[in-house]
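Here the structure comes first, spelled out in structure tokens, and everything after it is commentary.
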Amino acid sequence: MIIKHLPFTTEEYDRRISLVRGAMDAAGIDTLFVTDPSNQAWLTGYDGWSFYVHQGVILRLEGDPIWWGRRQDASGARRTVWMDDDHVRGYEDHFVQSTERHPMQELAGILQELGAKRIGVEMDNYYFSAKAFAVMQAGLPDAKFSDATAMVNWKRAVKSEPELDYMRNAARISEKIVDGLLERVEPGVPKNEVVAEIYRDAVRGVVGAWGDYPAIVPLLPSGTDAAAPHLTWDGRPFETGEATFFEISGCYRRYHAPFCRSLFLGTPPDFLKRAEAALVEGLEAGLEAARAGNRACDIANALAAPLEAAGIERGERCGYPIGLSYPPDWGERTISLRVSDETVLEPNMTFHFMPGLWMADWGLEITESIRITEDGAAECFCDRPRKMFVKP
């Protein structure tokens, strides 16, 4: 007998499925095929490193969802999803990386068997290829397909209390990682040695919360490289006279709380201290604007004013929704904290408010993961000083 350790109750999954079915019905979809592994997990509990092959969840307007994927991964599905075993289907291994056949041929047969006529698929998704869609269409010539990108993602925007608890656990891990960084980073220490300790802290977790793997690897460019926000690490040592920003996240049961802090080794130049002051002022203004009933753009506008006053031009978005996620991204890919997004903020929406500065030859990040509260300013998941740390 398989003993399952589900992260949520079946009532919680029922609530989620009801939300998505409402969106399906409004869009005229009778069958939704979900390939994003974060959405699969959110709907069914499925958790495994198998998203490099074709897999997904079939959700109809009635009945339990069906998890479909590679047969060897069906064993993992039976151990992690809340549905009965007869709602787990696996395809033969001869479909994997074959030039003669494609897994979507089998999926098309299943959808035909289920009577799917109006099918929604996540067209703009890391895990759903052009070839997969072409094969599906060929196998279901009488079906009508529509783009259901982010249909599930939008229903994930407002978190339940158990989800918020998981994010708070992730935040404790994020704090542990940052505390370790501030202690260990010194001139002459190779970056890969520090990253090894990041992973140690991330996976060991904290009392009461073991560490899961985050959806993004640690990002920690230094000096002029900090102008580029998404560089990882190498074996070069940290150097005196350089700032490094550290973008990391603790993860607990696939839930994230991203957290960024910057560290300068030596005496920071005046221009960097002025940028720090403007960034912190903008960050705190944005946190004050992050209230239920305000809009996503209100946060971005609050951030922009102190930066513009300091002569710093920042055109990028300054945040995105977070929660449950798998590689390659811990964002939920819906709302953007930027001046053009007028999405109204609701209680228990969660964001990484990340007003990073990436200039021509320097960079600085001081960020917070936040929850929109029922009243008042946002709750910050992590609790560490908002500043550029300095080691003389």
Quick check on residue 28: is it touching a residue at least 60 places away in the same chain (Cβ under 8 Å) and exposed (fewer than 14 other Cβ atoms within 10 Å of the Cβ)?
yes
Can you spot a residue in the range 321-331 that is among the small types (Gly, Ala, Ser), closer than 22 Å to residue 158 by Cα, part of a loop (DSSP other than H, G, I, E, B) and under 16 Å from the mean Cα position of the chain (by Cα)?
yes
Reported set for the range 269-296 where residues are farther than 22 Å from residue 383 by Cα, in a helix (DSSP H, G or I) and touching an Asp or Glu at 6+ places or on another chain (Cβ under 9 Å) is 296
Do we find that residue 126 is buried (at least 18 other Cβ atoms within 10 Å of the Cβ) and closer than 21 Å to residue 254 by Cβ in this structure?
no
Would you check which residues across the range 289-313 are farther than 15 Å from residue 344 by Cα and open to solvent by 40 Å² or more (accessible area, probe 1.4 Å) and list them?
305, 308, 309, 310, 311, 313
For the range 362-385, which positions are of a type in the set (A, V, I, L, M, F, W, C) and under 20 Å from the mean Cα position of the chain (by Cα)?
366, 370, 372, 378, 380, 381, 382
Condition first: more than 20 Å from residue 21 (Cα to Cα) and more than 24 Å from the chain's Cα centre (by Cα). Now tell me which residues in the range 117-131 satisfy that.
131
Of all residues in the range 352-381, count the ones that are of a type in the set (D, E, K, R), in a loop (DSSP other than H, G, I, E, B) and either buried (at least 17 other Cβ atoms within 10 Å of the Cβ) or touching a Cys at 6+ places or on another chain (Cβ under 7 Å) (or both).
1
Top-ranked residue of the range 238-261 - restricted to ones that are crowded, with 16+ Cβ neighbours inside 10 Å and more than 30 Å from residue 156 (Cβ to Cβ), ranked as nearest to the chain's Cα centre (by Cα)
244
On the basis of being among the polar types (S, T, N, Q), surrounded by fewer than 16 Cβ atoms within 10 Å (Cβ to Cβ), in contact (Cβ under 8 Å) with a residue 60 or more places away in the chain and in contact with a strand residue (DSSP E or B) (Cβ under 6 Å, 6 or more places away or on another chain), does residue 146 make the cut?
yes
Residue 300: passes all of (1) within 20 Å of residue 229 (Cβ to Cβ); (2) in contact with an Asp or Glu (Cβ under 6 Å, 6 or more places away or on another chain) but (2)
Test residue 245 against the stated conditions and say whether it is outside any helix (DSSP H, G or I), touching a Cys at 6+ places or on another chain (Cβ under 8 Å) and closer than 16 Å to residue 214 by Cα.
no
Given the condition surrounded by 17 or more Cβ atoms within 10 Å (Cβ to Cβ), of a type in the set (A, V, I, L, M), over 26 Å from residue 41 (Cβ atoms) and at pLDDT 95 or above, answer yes or no: does some residue in the range 315-337 qualify?
no
Residues of the range 165-217 being surrounded by fewer than 20 Cβ atoms within 10 Å (Cβ to Cβ), within 18 Å of the chain's Cα centre (by Cα), among the aliphatic types (A, V, I, L, M) and over 19 Å from residue 261 (Cβ atoms), in sequence order, are 203
Condition met for residue 343 (in contact with a helix residue (DSSP H, G or I) (Cβ under 6 Å, 6 or more places away or on another chain), over 30 Å from residue 48 (Cα atoms), at pLDDT 95 or above and not aliphatic (A, V, I, L, M))
yes
Can you tell me which of (1) out of contact with any strand residue (DSSP E or B) (no Cβ under 6 Å at 6 or more places or on another chain); (2) touching a residue at least 60 places away in the same chain (Cβ under 8 Å); (3) of a type outside the set (Asp, Glu); (4) closer than 21 Å to residue 272 by Cβ is the one residue 215 doesn't meet?
(4)
Go through the residues of the range 5-14 one by one and say whether even a single one is closer than 18 Å to residue 116 by Cα, open to solvent by 10 Å² or more (accessible area, probe 1.4 Å), touching a residue at least 40 places away in the same chain (Cβ under 8 Å) and out of contact with any helix residue (DSSP H, G or I) (no Cβ under 6 Å at 6 or more places or on another chain).
no
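The values are calculated or read from the model by the stated rules, or taken from the named source; none is laboratory data. Just so we're clear, the structure is a prediction, and the values are computed from it rather than from any experiment. Here Cβ is always computed from backbone atoms with ideal geometry, including for glycine, and neighbour counts include all displayed protein chains. Side chains are part of the model used for accessible areas, which takes the heavy atoms of the whole protein and leaves out ligands, DNA and RNA. Shrake-Rupley method; radii C 1.70, N 1.55, O 1.52, S 1.80 Å.
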